[in-house]
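Structure first, commentary second.
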Amino acid sequence: MIYRIRRNRSLSLIWILSFLLFFSQGMKANTSIQSLLEEARSLKSRGEYERAIKLYQEILKEDPENYQAMRELAQVYSWNREYDKAIQSYDKLLSKNPKDYDALLGKAQVLSWKGEHNRAENFYIEVIEAVPDYFDAYLGLINIYLWNSKYNKALGLLIKLERENPGNKNVIKKIFDAYYGKGDFKSARTYYQKLVKLDREYKASHEVITDLYLHSIDTGYLYENLNIMDDWKRGYLAISYRPNRKFTAVLSGSWLDRFNEVDRNVGLGFYTHLTSSLNAYFGLTLTPRSHFLPSQRYDIDLVLKVADGTSLLGGLDYLVFDEGVVQVYAGGLEQYLTSKIHLSYQLFHSQDYNGVASNAHLAKLNFSREKRYLYTFGYAFGSEAFQVESRQEIMDVKTKTFFIILKHWFNPRWGMSINASYTDRKNSYIKRSIGTSLFFKF
């Protein structure tokens, strides 16, 4: 007997077989694409960006609409510094889904790395307005502000994030960076202390840590040997407070022992930034019952930055003696030859209470090494009037002085210096001096 399959059952079987064949081929294709994706991600995580890019391109060739592959390819382009290709990839994603804020964030990041900060800022703000709790968008916008020295704007966002994430190391670190960049060392110190509690392994650079110590003590002793008269001895102590980059207050005291008589004085001075390019120092020193030193001394020193590495120097010293007033005017130039070497020159013009005028010149060469060593070599010639250490030096007497100062920081908290000089005062005396000082920060 011959059995015949009905026509409708025959067609159904053909459809089932066709579907199974198509489904199996799709499964194989999906399995192949998934395998390529996993391999590309592995290459990306190992930093093999060129190979990862080729795999993502192969995936998109087989499946042009694979959204995940498009997204990851844009990311790898950006990490490989192919910024224009990354932006094109993100634009393609946004053309398919304008509300893909992950893609918009990625585009903003690439623009910021490319240096197009204004466009990046606008995109970050757009993401934040659409997704107010998008943490990475805030961090990206904060970076833009920090890179462009907009510290107050950055701090406005960071304080908000700190309230929401009080233990987040990234937020605390960026608050520290913002305060330090702004020059607010007092606030920066507070957040540095918070940061090291959260991350015991974190340590700032030697230069930064030195700035975070707001108080400093500098004390020293100088011994001067003269070939025709008694030796001179002097010592000093200075305490300074620097809460920020723009202001420093200094309280000082010193003594001078000459011919078995001692002068003691006390001083108060302020360093301040009047503008972004003009720095100033104002000081007052008082010497009660003076034997040699002026009873009152008023100092004004100005430094005007006129170009990168170039500054003009100016100053006025107003010294009050029992006999009258001595005025010393100073002008000069400071030039940085490199980040480690700079030299300066100053001309001093003095006029004493008898109307005698004299000029002196001072040249210095400074060399720093490893941010721990500072060497200063100097030469002065002309009259000692610009030093005005006593009535004896008000006279217009020709003098030549060579000196050297070696300064070394053992760590950010303390260091010491050694100085030596040789002075030849014409037809008067030869003076040799050596001194040392210690300085501490806390």
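Within the option set 77, 90, 56, being over 28 Å from residue 172 (Cβ atoms), of a type in the set (Phe, Trp, Tyr), in contact with an Asp or Glu (Cβ under 8 Å, 6 or more places away or on another chain) and assigned by TED's automatic domain parsing to the domain that holds residue 172 holds for one residue only, 56.
Exactly one residue out of 121, 126, 162 is more than 20 Å from residue 178 (Cα to Cα) and either without any contact (Cβ under 8 Å) to a residue 12 or more places away in the chain or out of contact with any Phe, Trp or Tyr (no Cβ under 7 Å at 6 or more places or on another chain) (or both): that is 126. Could you say whether any residue in the range 86-103 is surrounded by fewer than 11 Cβ atoms within 10 Å (Cβ to Cβ) and either touching a His at 6+ places or on another chain (Cβ under 8 Å) or over 30 Å from residue 132 (Cβ atoms) (or both)? No, there is no match, as no residue in the range 86-103 is surrounded by fewer than 11 Cβ atoms within 10 Å (Cβ to Cβ) and either touching a His at 6+ places or on another chain (Cβ under 8 Å) or over 30 Å from residue 132 (Cβ atoms) (or both). If you go through the range 181-214 and keep only what is in a helix (DSSP H, G or I) and among the hydrophobic types (A, V, I, L, M, F, W, C), you end up with 185, 188, 195, 196, 198, 208, 209, 212. Of all residues in the range 55-80, those that are surrounded by 12 or more Cβ atoms within 10 Å (Cβ to Cβ) and basic (Lys, Arg) total 1.
For the range 71-99, a residue qualifies if it is closer than 18 Å to residue 112 by Cβ and assigned to a loop (DSSP other than H, G, I, E, B), and the qualifying residues are 80, 81, 82.
Considered as a group, the residues in the range 335-364 that are modelled with pLDDT of 85 or more and crowded, with 19+ Cβ neighbours inside 10 Å include one that is farthest from residue 379 (Cα to Cα), and that residue is 350.
Filtering the range 132-148 for residues that are at pLDDT 95 or above, outside any helix (DSSP H, G or I) and either of a type in the set (D, E, K, R) or within 16 Å of the chain's Cα centre (by Cα) (or both) leaves a non-empty set. For the range 271-311, the set of residues classified as among the β-branched types (Val, Ile, Thr) and over 30 Å from residue 232 (Cα atoms) consists of 272, 275, 303, 306, 310, listed by residue number. Scanning the range 237-252 for residues that are crowded, with 18+ Cβ neighbours inside 10 Å, of a type in the set (D, E, K, R) and within 30 Å of residue 424 (Cα to Cα) turns up nothing.
Would a scan of the range 197-216 turn up a residue that is of a type in the set (S, T, N, Q), without any contact (Cβ under 8 Å) to a residue 12 or more places away in the chain, outside the structural domain of residue 333 (by TED's automatic domain parsing) and out of contact with any Cys (no Cβ under 8 Å at 6 or more places or on another chain)? Yes, there is a match, as at least one residue in the range 197-216 is of a type in the set (S, T, N, Q), without any contact (Cβ under 8 Å) to a residue 12 or more places away in the chain, outside the structural domain of residue 333 (by TED's automatic domain parsing) and out of contact with any Cys (no Cβ under 8 Å at 6 or more places or on another chain).
Okay, residues lined up against (1) at pLDDT 95 or above; (2) assigned to a loop (DSSP other than H, G, I, E, B); (3) assigned by TED's automatic domain parsing to the domain that holds residue 422:
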position: 153; (1), (2), (3): yes, no, no
position: 179; (1), (2), (3): yes, no, no
position: 222; (1), (2), (3): no, no, yes
position: 230; (1), (2), (3): no, yes, yes
position: 234; (1), (2), (3): no, no, yes
position: 241; (1), (2), (3): yes, no, yes
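Selection of first residues in the range 253-273 that are assigned by TED's automatic domain parsing to the domain that holds residue 231 and of second residues that are acidic (Asp, Glu) and part of a strand (DSSP E or B), restricted to Cβ pairs under 7 Å at least 6 apart or on distinct chains, gives the following pairs, ordered by first then second residue: 255/263; 256/263.
Which of the residues spanning the range 369-400 are of a type in the set (Asp, Glu) and at pLDDT 75 or above? Working first, answer last.
Of the range 369-400, the ones of a type in the set (Asp, Glu) are 370, 384, 389, 393, 396.
Hit for the range 369-400 is 370, nothing else.
Filtered by the rule that a residue be out of contact with any Gly (no Cβ under 9 Å at 6 or more places or on another chain) and within 27 Å of residue 209 (Cα to Cα), the range 248-294 gives 271, 272, 274, 275, 276, 277, 278, 279, 280. Looking at 12, 24, 45, just one residue is surrounded by fewer than 12 Cβ atoms within 10 Å (Cβ to Cβ), modelled with pLDDT under 90 and within 37 Å of the chain's Cα centre (by Cα), and that residue is 45.
Applying the selection to the range 269-300, what residues are in a loop (DSSP other than H, G, I, E, B) and either surrounded by 16 or more Cβ atoms within 10 Å (Cβ to Cβ) or modelled with pLDDT of 90 or more (or both)? Lay out the reasoning, then the answer.
Here is the first cut: in the range 269-300, the ones in a loop (DSSP other than H, G, I, E, B) are 274-277, 287-295.
Those that are in a loop (DSSP other than H, G, I, E, B) and either surrounded by 16 or more Cβ atoms within 10 Å (Cβ to Cβ) or modelled with pLDDT of 90 or more (or both): 274, 275, 277, 287, 288, 290, 292, 293, 294, 295.
So which residues in the range 397-423 are of a type outside the set (Val, Ile, Thr), crowded, with 16+ Cβ neighbours inside 10 Å and over 30 Å from residue 190 (Cβ atoms)? It would help to see each step written out before you state the result.
Our first condition is that a residue be of a type outside the set (Val, Ile, Thr); within the range 397-423, this holds for 398, 400, 402-403, 406-417, 419-422.
Then drop every residue that is not crowded, with 16+ Cβ neighbours inside 10 Å, which leaves 403, 407, 409, 412, 415, 417, 419, 421.
Result: 403, 417, 419, 421.
Residue 118 fulfils the conditions (1) within 28 Å of residue 185 (Cα to Cα); (2) in a helix (DSSP H, G or I) except for a single criterion, (1).
The values are calculated or read from the model by the stated rules, or taken from the named source; none is laboratory data. What you are looking at is a predicted structure, and each value in this text was computed from that prediction instead of being measured. With ideal geometry, Cβ positions are generated from the backbone for all residues, glycine too; neighbour counts draw on all protein chains shown.
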